[in-house]
Amino acid sequence: MEKLRERAAAILADGTVSLVIGYEEGTKRPRPLFCHDGESARKLIFDSRCFHNLAVYLTKKELVGNGRFAVTATISTLRSIMQLYVENQLSEDKLLILTVDLSGTLREFVTFDEISAYVEQFELKRSEREQAILTRIEGMTREERWNFWQEEMSHCFKCYACRSACPLCYCTKCVVEVNRPQWINPWPAPVANMEWHINRAMHMVGRCTACGACGDACPVGIPIDLITRKMMEDMAPEFGYIPGLPVKKGNALSTWKLDDREQFIR
Amino acid sequence: MSKIGVFICHCGENISATVDVERVAREIGGMEGVAHAIDYKYMCSDPGQTFIKEAVKKYDLDGVVVGACSPRMHEPTFRRACAEAGLNPYLCEMANLREHCSWVHEKGEETTEKAIDLVKMLVEKVKKNNPLESIKVPVTKRALVIGGGIAGIQASLDIANTGHKVILIERDPSIGGHMSQLSETFPTLDCSQCILTPRMVEVAQHPNIKLYTYAELESLEGFIGNFTAKIRLKAKSVNYSTCTGCGACIQKCPVKKIPSEFNAGLGTRTAIYVPFPQAVPNKPVIDRVNCNYYKRGACKICEKTCQVGSIEWDKEDEIISEEVGAVVLATGFDVKGTDFFPEYGYGKYKDVLTGLQFERLASASGPTFGEIRRPSDGAIPKKIVFIACAGSRDPAKGIPYCSKICCMYTAKHAMLYQHKVHDGESTVFYMDIRAGGKNYEEFVRRAIEEDTVNYVRGRVARVYEKNGKLIVKGVDTLLGGEQVEIEADMVVLATAGVANCGSEQLAQKLHVSYDPYHFFAEAHPKLKPVETNTAGIFLAGACQAPKDIPETVGMASGAAVKVAALFSNNELVREPIIAVVNRLAPPLYSTCVGCFMCETACPYNAIEHEEIKARDGSLIRTIARVNSGLCQGCGTCVAFCRSKSIDIQGYTNEQVYAEVMSLLND
């Protein structure tokens, strides 16, 4: 961790980057930190409690500016970064990755190929919580599932924290804000809530890297991250494609390849 | 508020017989924003159009809905009428009250209500319509003809003679196609090659025709007037600019036992070969699959023989790019082999032939120099049986259609046989004799009456070999279903004409539609027989359906005229129904975030990257831009765009949403 701080301070000092995005100690848990100088870089931490997906800040021009910036990245963050790259939102010349691997060694990545090679070593597994809820949902009938989600979504009051926390929700104008025509009714109500959540899920198919940030952000604890996660799990074997893993341009749903298995069609 | 004019057509009685058109006009007239609504017997007639023009002026209409037939039929008519009255033509829409309503429903209340709904949707849409300008695109006045058979030859010559450049590509080493394989042609019995080869030479020598043999289309991109064709020039392994065509290499080639494609498998050829003596170009290619050098790395006898050093061992396929404005598809057909018929021996009897093989036997340039001899032992067959409709008109075999040419060529075959073998006996088994065509019926009668061909109306159930004879078991339905058994020396099957191999893939490359049998589909069965559904791509000959030479030549000339008509324009006008990415005032510039999912989804490669730059040249954002020339308005990108930044002009999200909501908000 000391090396991380030293390195962050060094690249800030020699002008390699103008900003390092990382974590610092918060009141109850770590919180994001934006370091513009060596002084603030001394507050950097990086441990297992740091789970915020910092990739969400990388597409915010007002935060990262036009210069080069560094980010201390977890595996989840790296997957999001890869997907952002696939979607043409990041470029190598603007980004520097700092991370600490399992052996505690500081690692630095410049190219997306390096990130991809590193991320590929880690399997995308369900956590205990995810496994527990998904097993329960998978055991339900269609009607039970629908009722389960209707009940869950009825708590939603459309704060859009899920959207804010998601690194892949980077549109300057979200579909909920499109009002000609008004596809999704803006108020929180059973149908309007479903309109939003179904739309969100559709927009995430083939893109969601299962970082879980949306679920973590939900103030009423709706496990919405599991919808997109499950869709990703269902899609991966059909298309041989896991978002955020190998460097592949395009999207499972927008591309057609001869080796797509497409066993669901028939 | 909108001032929409609504015009309901009776279409004679086509619509008014089942739909209460007066009620439709009355109820729509009461809709918000509708300034004028009438019904009339024939809206498309001159007085009908005058009603529209006058109403546009009188009520100062800002939108028109015509409830009539399919827009495919009369949308251009009504849009032109609006334009003549000073209203932007894209503010005129049609509700299809005929195909979508009156023709498919019984008379009744509900039918009328559906008609009202159909018009109502369009009224709501037109309220949201924007005036659009047609797109003008330039025309490349050069045609690509695919296939060098008689269809492609005729089309190429006709186009070239109008003064336009033609690129003719042929898959085989020589042009000529199936017609060059034929012996004589019905109904005049003139020698096929004698009438064809002058045309082939004309193609090769025409200053406006660029001929690529041994070449295939790799891809076709673009649109009418502006196609880019990538053509694969397969490696011939012989340098044509130095080769003199002396043929010494062919004589010396040690691989001599390759079944000759030109002789339909009845003769053999070498690995370095010219398909037939009159080939154009008359220069050899090396068949790399069978050549000793390519198979085992040794031989090169042809190289030693060649006095001008034309053999190019390491030559690779070359892909060239050509800009063309129109494409004529003339890829022809194929015939089913004898192996398709289990009841006729699965192709294992040597003396059961296809009609095409018989053509080669009867041809003076064929493997027997025009003598009819059995492939098995070389004997002259004394009894011969022709079986018409082998595969054709047989739904059980998956070929329910009539192959059209077989009745005539079977009569010709029998006639040729009788002319060559005077003591021979020929029998034709047929289902019906279809001899529609000038002098065709007379020709068949001649075969029966003068050349004493025995015509038996009935099917052949089985053919099997016994003591060197082929036992043909059939039935004579005109004799009350009596069994007929003939001990024949040779059996000729008039096998079904089928789509050429690779036609499906080619159709997909060109985005033209094809029928269930993989023949290319014409745009309209009667009125647009040479057009495809893809503008700028035309059809000639048997690639559309089996047809004989006169019909093929007529169709090829028809396609050529279509191409020439297209080339008579310096620019084309096309509908502005294309996708556009929205542009907004700074600092947003556009709601597009540049994820370019549209780019990977677009089947026409129409999405480009547009860089938005500040005054100092620094890059602000990269967003998507639609190439209006390439976009076909399919809307796939619209469905993929998460931020709804792309819209199809004329079918915007807002317009379609208004249509749908008009039905839901009752």
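Name the one entry in B:Glu610, B:Glu654, B:Glu599 that is under 30 Å from B:Asp117 (Cβ atoms) and not in a loop (DSSP other than H, G, I, E, B).
Matching residue, one of B:Glu610, B:Glu654, B:Glu599: B:Glu654.
I need the full set of residues from segment B:168-190 which are crowded, with 16+ Cβ neighbours inside 10 Å and either out of contact with any helix residue (DSSP H, G or I) (no Cβ under 8 Å at 6 or more places or on another chain) or in the same structural domain as B:Leu356 (by TED's automatic domain parsing) (or both), in order please.
Listed by number, the residues that qualify are B:Ile169, B:Arg171, B:Asp172, B:Pro173.
What residue, of B:Phe369, B:Phe386, B:Phe358, is in a strand (DSSP E or B), aromatic (Phe, Trp, Tyr) and within 36 Å of the chain's Cα centre (by Cα)?
B:Phe386
Could you tell me which of the residues A:Gly15, A:Gly65 is surrounded by fewer than 21 Cβ atoms within 10 Å (Cβ to Cβ), free of Cβ contacts under 8 Å to residues at least 40 places away in the same chain and of a type in the set (Gly, Ala, Ser)?
The conditions single out A:Gly15.
Select, from B:Glu654, B:Glu608, the only residue that is in contact with a Lys or Arg (Cβ under 7 Å, 6 or more places away or on another chain) and at the interface with another protein chain (Cβ under 9 Å from one of its Cβ atoms).
Answer to the selection: B:Glu654.
Which residue out of B:Ile167, B:Ile135, B:Ile150 is modelled with pLDDT under 95 and aliphatic (A, V, I, L, M)?
Values: B:Ile167 fails: modelled with pLDDT under 95; B:Ile150 fails: modelled with pLDDT under 95.
Just a single option satisfies the conditions, and that option is B:Ile135.
When segment B:377-391 is examined, which residues are found to be crowded, with 16+ Cβ neighbours inside 10 Å and under 16 Å from B:Gly265 (Cα atoms)?
Answer for segment B:377-391, where residues must be crowded, with 16+ Cβ neighbours inside 10 Å and under 16 Å from B:Gly265 (Cα atoms): there is none.
Within segment B:531-567, how many residues turn out to be assigned to a helix (DSSP H, G or I) and either among the polar types (S, T, N, Q) or buried (at least 24 other Cβ atoms within 10 Å of the Cβ) (or both)?
Of the residues in that region, 10 qualify.
Can you pull out every residue in segment A:82-95 that is under 21 Å from B:Ile620 (Cα atoms) and either surrounded by fewer than 21 Cβ atoms within 10 Å (Cβ to Cβ) or within 14 Å of chain B (Cβ to nearest Cβ) (or both)? Write out each step before concluding.
Residues of segment A:82-95 that are under 21 Å from B:Ile620 (Cα atoms), as a first pass: A:84-95.
The answer is A:Leu84, A:Tyr85, A:Val86, A:Glu87, A:Asn88, A:Gln89, A:Leu90, A:Ser91, A:Glu92, A:Asp93, A:Lys94.
Sort out which residues of segment B:215-228 are surrounded by fewer than 21 Cβ atoms within 10 Å (Cβ to Cβ) and assigned to a loop (DSSP other than H, G, I, E, B), and write them in order of number.
Matches in segment B:215-228: B:Ile224 only.
Regarding segment B:132-154, can at least one residue be identified that is assigned to a helix (DSSP H, G or I) and farther than 26 Å from B:Ile405 by Cα?
Scanning segment B:132-154, I find no residue that is assigned to a helix (DSSP H, G or I) and farther than 26 Å from B:Ile405 by Cα, so the answer is no.
Taking A:Asn199, is it at pLDDT 90 or above and either in a loop (DSSP other than H, G, I, E, B) or under 18 Å from the mean Cα position of the chain (by Cα) (or both)?
yes
Yes/no per residue for (1) polar (S, T, N, Q); (2) over 16 Å from the mean Cα position of the chain (by Cα); (3) not in a loop (DSSP other than H, G, I, E, B):
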{"position": "A:Gly15", "(1), (2), (3)": "no, yes, no"}
{"position": "A:Thr27", "(1), (2), (3)": "yes, yes, no"}
{"position": "A:Glu62", "(1), (2), (3)": "no, yes, yes"}
{"position": "A:Val71", "(1), (2), (3)": "no, no, yes"}
{"position": "A:Leu84", "(1), (2), (3)": "no, no, yes"}
{"position": "A:Arg107", "(1), (2), (3)": "no, yes, yes"}
{"position": "A:Ile115", "(1), (2), (3)": "no, no, yes"}
{"position": "A:Lys125", "(1), (2), (3)": "no, no, no"}
{"position": "A:Gln131", "(1), (2), (3)": "yes, yes, yes"}
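Taking into account only those residues within segment B:614-629 that are surrounded by 12 or more Cβ atoms within 10 Å (Cβ to Cβ) and within 13 Å of another protein chain (Cβ to nearest Cβ), which is farthest from B:Ser643 (Cα to Cα)?
Taking segment B:614-629 first, the residues surrounded by 12 or more Cβ atoms within 10 Å (Cβ to Cβ) are B:620-629.
If we keep only those that are within 13 Å of another protein chain (Cβ to nearest Cβ) too, we end up with B:620-624.
Numbers: B:Ile620: 19, B:Arg621: 16, B:Thr622: 15, B:Ile623: 12, B:Ala624: 12 Å.
By that ranking, first place goes to B:Ile620.
Does A:Gly22 satisfy the criteria of being touching a residue at least 24 places away in the same chain (Cβ under 8 Å) and closer than 14 Å to A:Glu108 by Cβ?
Values: touching a residue at least 24 places away in the same chain (Cβ under 8 Å): yes; closer than 14 Å to A:Glu108 by Cβ: yes.
When the stated conditions are applied, A:Gly22 passes them.
For segment A:206-226, check the following and say yes or no: at least one residue is of a type in the set (S, T, N, Q), crowded, with 18+ Cβ neighbours inside 10 Å, more than 14 Å from chain B (Cβ to nearest Cβ) and touching a residue at least 60 places away in the same chain (Cβ under 8 Å). Full working, then the answer.
Step one: of segment A:206-226, the residues of a type in the set (S, T, N, Q) are A:209.
From what is left, the residues that are crowded, with 18+ Cβ neighbours inside 10 Å are A:209.
Add one more test, that the residue is more than 14 Å from chain B (Cβ to nearest Cβ), and what stays is A:209.
Now drop any that are not touching a residue at least 60 places away in the same chain (Cβ under 8 Å), which leaves A:209.
Yes: segment A:206-226 contains one or more residues that are of a type in the set (S, T, N, Q), crowded, with 18+ Cβ neighbours inside 10 Å, more than 14 Å from chain B (Cβ to nearest Cβ) and touching a residue at least 60 places away in the same chain (Cβ under 8 Å).
Mind checking whether some residue in segment B:349-356 is within 22 Å of B:Glu485 (Cβ to Cβ) and touching a Gly at 6+ places or on another chain (Cβ under 7 Å)?
Yes: one or more hits.
So which of B:Thr111, B:Thr77 ends up being more than 36 Å from the chain's Cα centre (by Cα), among the hydroxyl-bearing types (Ser, Thr, Tyr) and in a helix (DSSP H, G or I)?
B:Thr111
Considering only residues that are under 11 Å from A:Leu19 (Cβ atoms), out of contact with any Phe, Trp or Tyr (no Cβ under 7 Å at 6 or more places or on another chain) and without any contact (Cβ under 8 Å) to a residue 40 or more places away in the chain, which ones fall in segment A:32-62?
The answer is A:Phe34, A:Cys35, A:His36, A:Asp37, A:Ser40, A:Ala41, A:Tyr57.
Rundown of residues vs (1) surrounded by 24 or more Cβ atoms within 10 Å (Cβ to Cβ); (2) at pLDDT 95 or above, yes/no style:
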{"position": "B:Gly309", "(1), (2)": "no, no"}
{"position": "B:Lys315", "(1), (2)": "no, no"}
{"position": "B:Glu323", "(1), (2)": "no, yes"}
{"position": "B:Ala326", "(1), (2)": "yes, yes"}
{"position": "B:Gly345", "(1), (2)": "no, no"}
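Would you confirm, using the coordinates I've provided, whether A:Arg180 is in contact (Cβ under 8 Å) with a residue 24 or more places away in the chain, within 14 Å of chain B (Cβ to nearest Cβ) and of a type in the set (D, E, K, R)?
no
Considering (1) surrounded by 18 or more Cβ atoms within 10 Å (Cβ to Cβ); (2) in the same structural domain as B:Gly594 (by TED's automatic domain parsing), say which one B:Ala639 fails and leave the rest.
Unmet for B:Ala639, out of (1) surrounded by 18 or more Cβ atoms within 10 Å (Cβ to Cβ); (2) in the same structural domain as B:Gly594 (by TED's automatic domain parsing): (1).
Consider segment B:96-113. How many of its residues are closer than 14 Å to B:Val24 by Cα and touching a helix residue (DSSP H, G or I) at 6+ places or on another chain (Cβ under 8 Å)?
6
Report every pair of residues separated by at least 6 positions or lying on different chains whose Cβ atoms are under 6 Å apart, first residue within segment B:487-511 and surrounded by fewer than 24 Cβ atoms within 10 Å (Cβ to Cβ) and outside any strand (DSSP E or B), second modelled with pLDDT of 95 or more and of a type in the set (Asp, Glu).
Within 6 Å, the pairs are B:Asn500/B:Asp334.
Of the numbered conditions (1) in contact (Cβ under 8 Å) with a residue 60 or more places away in the chain; (2) within 22 Å of B:Ser363 (Cβ to Cβ); (3) out of contact with any Phe, Trp or Tyr (no Cβ under 7 Å at 6 or more places or on another chain), B:Pro281 satisfies every one except a single condition; which is it?
(3)
For B:Leu353, indicate whether it is out of contact with any Lys or Arg (no Cβ under 8 Å at 6 or more places or on another chain) and within 30 Å of B:Ser156 (Cα to Cα).
Details: out of contact with any Lys or Arg (no Cβ under 8 Å at 6 or more places or on another chain): yes; within 30 Å of B:Ser156 (Cα to Cα): no.
The answer is no for B:Leu353.
Taking B:Ile231 as meeting all but one of (1) closer than 20 Å to B:Thr331 by Cβ; (2) surrounded by fewer than 18 Cβ atoms within 10 Å (Cβ to Cβ), write down the number of the exception.
Checking B:Ile231 against (1) closer than 20 Å to B:Thr331 by Cβ; (2) surrounded by fewer than 18 Cβ atoms within 10 Å (Cβ to Cβ), the one that fails is (2).
The values are calculated or read from the model by the stated rules, or taken from the named source; none is laboratory data. Not measured: the values here are computed from a predicted model. Reconstructed Cβ throughout: ideal geometry from the backbone, glycine too, with neighbour counts over all protein chains shown.
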